[in-house]
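Let me begin by presenting the structure, written as structure tokens, before commenting on it.
The numbers here are math on the coordinates, done by the rules we state, and not lab data. It should be emphasised that the depicted structure is a prediction, and the values quoted were computed from it without experimental measurement. Backbone-built Cβ (ideal geometry, glycine too); neighbour counts: all protein chains shown.
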Amino acid sequence: MRLSTRIGLAVGCTVPLLVAASGWLLLHLVGRDLHGVEDDHLRRRAAAVAPDARALLRAAENGRPKAADTRERHLFSAALDVGVRVVGPDAVFSGGPQPDASVPLPPRARGPVTVHAGGRSWRVLSRQVEGPVVTGTLWVFSPDTADRAQVQSVRRRVVLTALLAAPLSGLLAWGLAAGASAPLRRLTRRTAGLDPRTSAARPEHRPTGVTEIDELAATLATVLARYDQQAARTAEALDTARSFSSAAAHELRTPLMSMGTNLDILAGHPGLPEPDRTEVLTDLRREHARLLGLLVMLRELGRGDLVEAEALRTVDLSEVADAAVADARRRAPDAEITLHAPPGRTVQGWEPGLRLLLDNLIGNALVHGRDERGRARVAVSVRGAGDEVVITVDDHGPGVPPTARERIFERFQRGPDSAGSGLGLTLVAQQAALHRGGVTVTDAPGGAGARFEVRLPSGGGDLPGRRDWLIGTAQTGRAAGARRSQSFPKDRP
């Protein structure tokens, strides 16, 4: 059933009931007012004829017929337009309009009451007439004007109005509802054939002036926008999964083939001399460690590509740096690692990603930042710079040539003597771009070694629109870093 039909039926049923209820209330109030006027008139007439009624009863009791007749005429003359009935111990005197004597009267009451007789209604008032010798009852009657033909006519008209109001109000309400719901029907037609899975077209809504319809259109637009966002995130997740599979298949081929060759050597030469056997086993362990590190790094890249905005919260970078440095000191007890991080340096970010960023920067400095004597001296700093938080990691190694300072952030970029996965610095660039920041590499203070500097906005912001560090170029990272002298690397491993 259409909404307009429902409204028409509801109004068509409600309006007659309201008309009938209003008519009944009106008739009740009018009847009460008429009764009030009649009752006041009866009380005045009863007060006027009460002395004549008392004198009539006294004359009748004393056996004076002529005096009784005189008093009776006086009584009826004083009654004017009301009926009077005087009931004594031995006689009844009545005159004027009143119900038949056979009609039972109610017990004496304080106020007027209604008596029905022969299809008519009467208002009746009784008064006790007391004298020194005799006592009787005075009854005063008046036709009930509240039950006259005019009131009955009004009652019939109210009923007729209620019956006519039903179809008329229903049709009027249906027409108004149909007109008011026309924008809703247009919205329904525009969205009836809409399939967000196969089409990117979205209905354009123009304000109609009907609040409910405009709110429905806005809600529909919000739902479709959320669907588009989730569909985009699902597509990104699928791309990330495909990228993970592709990158893993490509990068794992070489170490797996090397491990297969070494295993063939061990299987085909059971009598291999001990030095050669030890060399093969060492090579197997190295390739095994490389495989594990590669898989872990690929997994972390996938997590960074799929992180949602709900995971962001206020993070104290000083505390994260302190934890990362403490862990690095346990892993490399021979290294000298210092930290300068005043408390309170906070950003809006993803804490696991920020910890991953610091771990990889410190780990890179421990591996590639050793001096000519093989000593590792690393300085980590967290400081504020306006509306940014700056992280620096300095080492005393050979540094990074200017020509390679962008390329080292690309995925699977390893030095000639590196045993890593080539994804550590890519993870650093990914997390910097994820937090709307940037990473650069320069010479360390004093000219010896390298300085990696990460700048993150302390207020945070929305997540980058497109993130695929496993296969694509990090265009979002480049855009975020354009305001700085050093652009972001193209890829995040």
Inset, instruction - For region 1-90, take the alpha-carbon Rg, divide it by the Kirkwood Rh, and send me Rg/Rh. - result: 1.53
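I need the peptides 94-107, 359-372, 385-398 ranked by packing, meaning the mean over residues of other C-beta atoms within 10 angstrom, with the highest value on top.
On the way: 94-107: 12.9, 359-372: 21.2, 385-398: 18.9.
The densest-packed peptide leads the list: 359-372, 385-398, 94-107.
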Legend entry - Alpha carbon centroid spacing (whole Å) that separates region 314-384 from region 32-46: 103
Inset, instruction - Mind pulling up the Rg/Rh value for region 3-163? Radius of gyration and Kirkwood radius, both on Cα. - result: 1.23
